[in-house]
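Asks: Can you read through this structure? Questions will come right after.
The values are calculated or read from the model by the stated rules, or taken from the named source; none is laboratory data. Quick caveat, the model's predicted, so the values are computed rather than measured. Don't worry about glycine lacking a Cβ; one is built from the backbone with ideal geometry, like all the others, and counts go over all protein chains shown.
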Amino acid sequence: MDSGHDDDDEYVVDSDGHSYPTVKIGNQIWMKENYKETRMREGSTIFGSNKIPTNHWRRFTYNEIPAMCYYENDELRGALYNCYAVKELKVPSGWRVPTDEDFDELVENVKEKFGG
């Protein structure tokens, strides 16, 4: 996630209390770990924050219901969100979900630093 601000905080904390180390790459600050938030902006829990089967995942997405699950049901790896959850995902103050342009800038910064 790109913070959109210039400070070099070492950690950022989500509303669930998960703490994420950050890294500055170029002019951007990114979380070093996958996000694990289980709440939407207005405070309600994203459906499926406790392991959900694949067939339910498809149904939520088809019916435009914000949902999340964990890769291989492993919460330590971070969460996977459908597009409806991403639109309403609660993020720490000063942060936002990165855009395609943010990722393009990240790739360019990494290429400049490491070649490629």
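Asks: For region 26-44, name all the residues that are over 13 Å from the mean Cα position of the chain (by Cα) and either surrounded by 13 or more Cβ atoms within 10 Å (Cβ to Cβ) or at pLDDT below 90 (or both).
Replies: Of everything in region 26-44, those that are over 13 Å from the mean Cα position of the chain (by Cα) and either surrounded by 13 or more Cβ atoms within 10 Å (Cβ to Cβ) or at pLDDT below 90 (or both) turn out to be Gly26, Gln28, Ile29.
Asks: So Gly115 passes all but one of these: (1) small (Gly, Ala, Ser); (2) out of contact with any helix residue (DSSP H, G or I) (no Cβ under 8 Å at 6 or more places or on another chain); (3) more than 16 Å from Ile25 (Cα to Cα). Which condition number does it fail?
Replies: All conditions pass for Gly115, except number (3).
Asks: Among the residues of region 75-104, which ones are hydroxyl-bearing (Ser, Thr, Tyr) and within 9 Å of the chain's Cα centre (by Cα)?
Replies: Matches in region 75-104: Tyr81 only.
Asks: Quick one: Ser19 ticks every box in (1) at pLDDT 80 or above; (2) surrounded by 13 or more Cβ atoms within 10 Å (Cβ to Cβ) bar one, so which box is it?
Replies: For Ser19, the exception is condition (2).
Asks: Look at region 40-94 and say how many of its residues are touching a residue at least 12 places away in the same chain (Cβ under 8 Å) and assigned to a loop (DSSP other than H, G, I, E, B).
Replies: 17
Asks: Taking into account only those residues within region 86-109 that are within 22 Å of Ser15 (Cα to Cα) and of a type in the set (A, V, I, L, M, F, W, C), which is surrounded by the most Cβ atoms within 10 Å (Cβ to Cβ)?
Replies: The qualifying residue surrounded by the most Cβ atoms within 10 Å (Cβ to Cβ) is Leu89.
Asks: Residue by residue through region 99-111, note down the ones that are touching a residue at least 12 places away in the same chain (Cβ under 8 Å) and either more than 30 Å from Met40 (Cα to Cα) or in contact with a helix residue (DSSP H, G or I) (Cβ under 8 Å, 6 or more places away or on another chain) (or both).
Replies: Once the filter is applied, which keeps residues that are touching a residue at least 12 places away in the same chain (Cβ under 8 Å) and either more than 30 Å from Met40 (Cα to Cα) or in contact with a helix residue (DSSP H, G or I) (Cβ under 8 Å, 6 or more places away or on another chain) (or both), region 99-111 yields Glu108, Asn109, Val110.
Asks: Taking region 62-83 only, how many residues are more than 14 Å from Asn34 (Cβ to Cβ) and either aliphatic (A, V, I, L, M) or modelled with pLDDT of 95 or more (or both)?
Replies: 2
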